[in-house]
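Here it is: the structure, laid out below.
The values are calculated or read from the model by the stated rules, or taken from the named source; none is laboratory data. Predicted model, so just to flag it, every value in this text is computed and none were measured. So basically every Cβ, Gly included, is an ideal-geometry build from the backbone, and we count neighbours across all protein chains shown.
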Amino acid sequence: MADWVSQYRGLEQAGDAIMELIAERNRITGSGGEGLKVSAKIRQAQNNFNHDLNALQRELQSDKASKKLSPKEYDRRNNMLNEAKIRKIQIAKAFEETRASGSSRFGGGISNRGYEAEENERTQGYSNRELLSQQQQAMADQDEGLARISNIVKRQKEIGLAIGDEIDGQNELIDEITEKTDSTGNRLKRQVRAINHVSAKEGNVCGEN
């Protein structure tokens, strides 16, 4: 089984592949089956991405509980996961904008079947202005949520770096104390040997007398 970091790199590549599919979907100008096939691939890839992201999250928490990771390494991996969560939101937003753009180009639903038809049914009864307002509000909410997550990731990264610096400083202090302790111990041993040597000489003198 691949290690955690390798699995995360695979997740990054999967995210890039999804964005390429979304770009491909944007280049399709027709409303036929080709666009529907690409959209289906995107949704499946999104599901796989979310599944793998959740699996990495569970594995990280398990490693933390079993103390397999140092605090610094846990923070590093947790920051990586937060970046993947931001990527998840970016993918969802990009795909949503693609569907919204497709609906505007083709007068609402792209076809009378599949996902686009479901979108059309859910928006029945609303005027174009109301739909546009809802889309703009949804995108504004997504932008706000993305900004909040970005701030959280930035703050956690700063905390992780500060903890790492503190640990490095404490390790240096421990090394310094250990070195001084060893030096003091060596001096003490030399003094004990000197005292024993003097005592032995005094014993010999007393024996001769």
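Give Ala45, Ala14 a once-over and let me know the one that is in contact (Cβ under 8 Å) with a residue 12 or more places away in the chain and either within 14 Å of the chain's Cα centre (by Cα) or closer than 26 Å to Asn151 by Cα (or both).
Working: Ala45 fails: either within 14 Å of the chain's Cα centre (by Cα) or closer than 26 Å to Asn151 by Cα (or both).
One residue alone meets the criteria, Ala14.
Right, next: Cβ-Cβ below 7 Å, separation at least six or inter-chain, first residue in region 155-167 and surrounded by 11 or more Cβ atoms within 10 Å (Cβ to Cβ), second modelled with pLDDT of 80 or more and among the basic types (Lys, Arg): which pairs?
Filtered contacts from region 155-167: Gly160/Lys72; Gly160/Arg76; Ile163/Lys72; Gly164/Lys72; Ile167/Lys72.
Anything in region 34-78 that is part of a loop (DSSP other than H, G, I, E, B) and of a type in the set (D, E, K, R)? List them, or say none.
Just the residues of region 34-78 that are part of a loop (DSSP other than H, G, I, E, B), to begin with: 66-70.
Hits for region 34-78 are Lys67, Lys68.
Taking Asn54, is it exposed (fewer than 14 other Cβ atoms within 10 Å of the Cβ), closer than 30 Å to Ile28 by Cα and at pLDDT 90 or above?
Working: exposed (fewer than 14 other Cβ atoms within 10 Å of the Cβ): yes; closer than 30 Å to Ile28 by Cα: no; at pLDDT 90 or above: yes.
For Asn54, the condition - exposed (fewer than 14 other Cβ atoms within 10 Å of the Cβ), closer than 30 Å to Ile28 by Cα and at pLDDT 90 or above - is not met.
Moving to a separate point now. Taking region 73-95, which residues are surrounded by 19 or more Cβ atoms within 10 Å (Cβ to Cβ) and modelled with pLDDT under 90?
Phe95
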